[in-house]
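**Q** Would you mind keeping the following structure in view while I ask a few things?
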Amino acid sequence: MAPLDIASAPRVGVSNLVRGRPNGPPSLRASRIVDQSSPQSSETSSLGRGEFLQFLGVSTVAAIFTVGSLRSRVRAQVPGEPNLLLNTFSCGTTPLRNPKYLGGGVQAEVFSADTSNGQAVVKLSRANTDYAMRSLEHERRVLQILNDAKVPNIERCVGFGEVTTTAGPRQGMVLTPCLPGRNISVKNGCGNPRPLESQEEDRMERFMATAVRVLEAGVAGVDVQVLQSPSSNDMLWIDFTEAALLKKQGASISVEGPSMICPEYQRRYKSPKDAVVGFATEVFLMVPGSSHESAAKALAEELQELGESRQRGVGKTFQDVWAKLPWKVGGLEAKRLETAANSAAGVVAA
């Protein structure tokens, strides 16, 4: 079977939610944390380009059908509670004031609020349950890993704990910075905002630097969400609720998912390879065809710099995934990317 050209895959519905997950599927399947050992043969370097593209094609078809099945749910706003918070409140030990409702999804509602150091985002669970706490704890853990690795363009958790609301106690987390912007994701069919087309090269440099460093830190995003400012190239990767963690166990790498998994994303946690390919596929689909050359150039530069670094992360052996994506670029640029990716992944040329 010929590999699917995912660059020509149909785009999907646009969500107008400013911040947070547009609206995930209401049906969640209870699951224990996934922690499966994976031998070294699971690395993407064990796949040839043709085989990889076929595997990638299958992943993309599944992703497209998943997105298609969720379109009606994504577009239908989940009723929120704008008056849920008092004018002065706290999340754990973090004092906050002047909350403003931004939006909400199935699992959480999102507000902006003032802190002693400026504005922040407050993410509140829709219920005060053990699952809600474990879900936010998983996201906080992922953010801590990314922040410790100094990954650029990632939000930071500065507060965590119970929040007293007009509807009773909820679990919450305080996130900074607060960046109003357009939500760019596979679900809403990204593209560059028209005012910023002349700055696309810089946008791709920021976007790809973050993607490479997220993977290097051992995180494979699931349902990637990226905010971009409408007036600048500032961007912020948000909502790591569903993210998979790559964990080194001796000579092998295992994958760990959240405490509950959406059925549509179940495959993403089966093995490190599934997690990495799924993440790379989402990133690829978020790049407009007209920006492939800028993306490939940015990737090559970032991977070359990474390959020269002495201290490496858990995701090192998977960094060649970026060169196996079907970028529409010339032969020289493709070869440059392949060389940089193999170097970053520690792949020895034959």
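**Q** Please pick out the residue among Thr339, Thr317 that is outside any loop (DSSP other than H, G, I, E, B) and under 21 Å from the mean Cα position of the chain (by Cα).
**A** Thr317
**Q** Just checking, how many residues over the range 263-303 are within 15 Å of the chain's Cα centre (by Cα), more than 13 Å from Pro326 (Cα to Cα) and not in a helix (DSSP H, G or I)?
**A** Summing the residues that are within 15 Å of the chain's Cα centre (by Cα), more than 13 Å from Pro326 (Cα to Cα) and not in a helix (DSSP H, G or I) in the range 263-303 gives 1.
**Q** Given (1) touching a strand residue (DSSP E or B) at 6+ places or on another chain (Cβ under 9 Å); (2) under 27 Å from Cys157 (Cα atoms); (3) open to solvent by 40 Å² or more (accessible area, probe 1.4 Å); (4) modelled with pLDDT of 90 or more, where does Gln266 come up short, assuming only one miss?
**A** Here Gln266 clears every test but (4).
**Q** How many residues does the range 223-240 contain that are crowded, with 23+ Cβ neighbours inside 10 Å and assigned to a loop (DSSP other than H, G, I, E, B)?
**A** Residues meeting the conditions: 4.
**Q** Restricting attention to the range 269-322, which residues are in contact with a strand residue (DSSP E or B) (Cβ under 8 Å, 6 or more places away or on another chain), of a type in the set (Ser, Thr, Tyr) and open to solvent by 20 Å² or more (accessible area, probe 1.4 Å)?
**A** Ser271, Thr317
**Q** Does Thr129 satisfy the condition of being of a type in the set (S, T, N, Q) and open to solvent by less than 40 Å² (accessible area, probe 1.4 Å)?
**A** So Thr129 fails the test.
**Q** Is one or more of the residues making up the range 142-151 at pLDDT below 95 and open to solvent by 20 Å² or more (accessible area, probe 1.4 Å)?
**A** Looking through the range 142-151, none of the residues is at pLDDT below 95 and open to solvent by 20 Å² or more (accessible area, probe 1.4 Å).
**Q** A follow-up question, please. Could you list, in sequence order, all residues of the range 252-263 that are open to solvent by less than 20 Å² (accessible area, probe 1.4 Å) and at pLDDT 90 or above?
**A** As a first pass, look at the range 252-263 and keep what is open to solvent by less than 20 Å² (accessible area, probe 1.4 Å): 253-259, 261-262.
Within the range 252-263, Ile253, Ser254, Val255, Glu256, Gly257, Pro258 meet the criteria.
**Q** Another one. Which one is farthest from Glu139 (Cα to Cα) among residues in the range 248-262 that are part of a loop (DSSP other than H, G, I, E, B) and within 16 Å of the chain's Cα centre (by Cα)? Show your work before the answer.
**A** First pass over the range 248-262, keeping only residues part of a loop (DSSP other than H, G, I, E, B): 250-251, 257-259, 262.
Still in the list and also within 16 Å of the chain's Cα centre (by Cα): 257-258, 262.
Numbers: Gly257: 10, Pro258: 8, Cys262: 15 Å.
Result: Cys262.
**Q** Considering the range 320-336 alone, what residues qualify as being without any contact (Cβ under 8 Å) to a residue 60 or more places away in the chain, touching a helix residue (DSSP H, G or I) at 6+ places or on another chain (Cβ under 8 Å), assigned to a helix (DSSP H, G or I) and not basic (Lys, Arg)?
**A** Of everything in the range 320-336, those that are without any contact (Cβ under 8 Å) to a residue 60 or more places away in the chain, touching a helix residue (DSSP H, G or I) at 6+ places or on another chain (Cβ under 8 Å), assigned to a helix (DSSP H, G or I) and not basic (Lys, Arg) turn out to be Ala323, Glu333, Ala334.
**Q** Follow-up question, since we're still on this one. Regarding Leu56, is this residue open to solvent by less than 40 Å² (accessible area, probe 1.4 Å), within 29 Å of Gly278 (Cα to Cα) and at pLDDT 95 or above?
**A** Against the criterion (open to solvent by less than 40 Å² (accessible area, probe 1.4 Å), within 29 Å of Gly278 (Cα to Cα) and at pLDDT 95 or above), Leu56 does not qualify.
**Q** If I filter the range 112-160 down to residues being over 20 Å from the mean Cα position of the chain (by Cα) and among the hydroxyl-bearing types (Ser, Thr, Tyr), which single residue comes out as nearest to Thr88 (Cα to Cα)?
**A** Among those residues, the one meeting the criterion is Thr115.
The values are calculated or read from the model by the stated rules, or taken from the named source; none is laboratory data. These numbers come from a predicted model, not from an experiment. So basically every Cβ, Gly included, is an ideal-geometry build from the backbone, and we count neighbours across all protein chains shown. Accessible surface is based on the protein model in full, side chains and every heavy atom, while ligands, DNA and RNA are left aside. Shrake-Rupley method; radii C 1.70, N 1.55, O 1.52, S 1.80 Å.
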